[in-house]
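The values are calculated or read from the model by the stated rules, or taken from the named source; none is laboratory data. What you are looking at is a predicted structure, and each value in this text was computed from that prediction instead of being measured. Note: accessible area is taken over every heavy atom of the protein model, side chains too, but ligands, DNA and RNA are not part of it. Shrake-Rupley method; radii C 1.70, N 1.55, O 1.52, S 1.80 Å.
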Amino acid sequence: VFHGRILARLVVGQETRYEVEVKAPYRHRFPLVSREYLWVPNTCGCPPLREGGEYLLMARRHVNHEHTLNRILLQDDGYARPWTPREARLVREAARHC
């Protein structure tokens, strides 16, 4: 779970790749750098993430069996909500209890 700003969007094959500026990580299951690529397994723009928008994102690290693919994947069971100070507060509180 992290707060990120969408910098760019690119359709690659059957997926959408977003370039994201990581503003603040809330859960540290895997390390994040200041700029990451977030992959969405469709081209429809779902969820609709607009360039310049800030979001609270819950994604998973996806590594294939050969360890040749290592990326952040926003799956159907993840979420992307517009970032607000209230959302950030709720996530920080939840992270303390989990």
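Numbers below:
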item	result
Angle in degrees between helix 85-97 and the longest Cα principal axis of the chain, rounded to the nearest 10	80
Per residue, in Å², the accessible surface of the chain once ligands and nucleic acids are set aside, probe 1.4 Å	64
Fluctuation leader among Glu54, Glu19, Glu66 - the chain, Gaussian network, Cα springs under 10 angstrom	Glu66
The chain: most fluctuating residue of Arg29, Arg61, Arg50 per GNM, C-alpha cutoff 10 Å	Arg29
Label assignment, P(r) over Cα pairs in 5 Å bins from 0, in percent derived from the structure, set (1) 3, 13, 25, 26, 19, 9, 4, 1, 0; (2) 2, 11, 22, 26, 24, 12, 3, 1, 0; (3) 2, 11, 18, 14, 10, 8, 10, 11, 8, 5, 2, 0	(1)
